[in-house]
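Each remark here refers to the structure printed beneath this line.
The values are calculated or read from the model by the stated rules, or taken from the named source; none is laboratory data. Since the model is a prediction, treat every value here as computed from it, not as a measurement. So basically every Cβ, Gly included, is an ideal-geometry build from the backbone, and we count neighbours across all protein chains shown.
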């Protein structure tokens, strides 16, 4: 299979790339290296079937091309890290939501399967443990950047749920 991993130089994405490459798949990683590290994937660069593209998932034209040529997409690209989320909340929202919009729109257009991980932050200030997807959500004040991150990820979860019921995007 030809697999595209967005955010593939991050911790999880790089391990996924390593595993899938080891299973014989052709892997394309796209990462802007804003939070991912080249060191996480450097050992894969010389392997047959591996391709690294240093760019952003916000590059809609490139993403359309990469998704069109792939069989499956693992959308790991996201804004991560407390410092980034606190210092650049707008970039956080844009990267998470607009990046996911670009990926989902193209995956829908070309009928590609996509996996998008979430985060425990979507549960907000949940009172019951363990958290359940059916629980009501309680987030903090809008001037706390942590909650912008949580809300952006929650919105992408909602999009995925809607797509799973509707079977199309937009």
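Yes/no matrix, rows are residues, columns are (1) surrounded by 14 or more Cβ atoms within 10 Å (Cβ to Cβ); (2) over 26 Å from residue 37 (Cβ atoms); (3) in contact with a helix residue (DSSP H, G or I) (Cβ under 8 Å, 6 or more places away or on another chain):
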| residue | (1), (2), (3) |
| --- | --- |
| 115 | no, no, no |
| 142 | no, yes, yes |
| 154 | yes, yes, yes |
| 162 | no, yes, no |
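On the given criteria, is residue 146 at pLDDT 80 or above and buried (at least 16 other Cβ atoms within 10 Å of the Cβ)? Full working, then the answer.
On the way: at pLDDT 80 or above: yes; buried (at least 16 other Cβ atoms within 10 Å of the Cβ): yes.
So residue 146 fits the description; yes.
Of everything listed in (1) surrounded by 12 or more Cβ atoms within 10 Å (Cβ to Cβ); (2) without any contact (Cβ under 8 Å) to a residue 60 or more places away in the chain; (3) touching a strand residue (DSSP E or B) at 6+ places or on another chain (Cβ under 7 Å), the single unmet condition for residue 131 is (3).
Can you find, within the stretch 29-55, the residue that is farthest from residue 2 (Cα to Cα) among those that are crowded, with 21+ Cβ neighbours inside 10 Å and modelled with pLDDT of 95 or more? Even if it seems obvious, please write down each step before you answer.
Start the filter on the stretch 29-55 by keeping residues that are crowded, with 21+ Cβ neighbours inside 10 Å, which leaves 29-31, 36, 40-41.
Keeping just the survivors that are modelled with pLDDT of 95 or more gives 29-31, 40-41.
On the way: 29: 11, 30: 14, 31: 17, 40: 20, 41: 18 Å.
The extreme case among them is 40.
The helices (runs of 4 or more DSSP H) found wholly in the stretch 1-119 and carrying at least 3 residues that are under 16 Å from the mean Cα position of the chain (by Cα) and touching a residue at least 40 places away in the same chain (Cβ under 8 Å) occupy 11-22, 60-68, 99-109.
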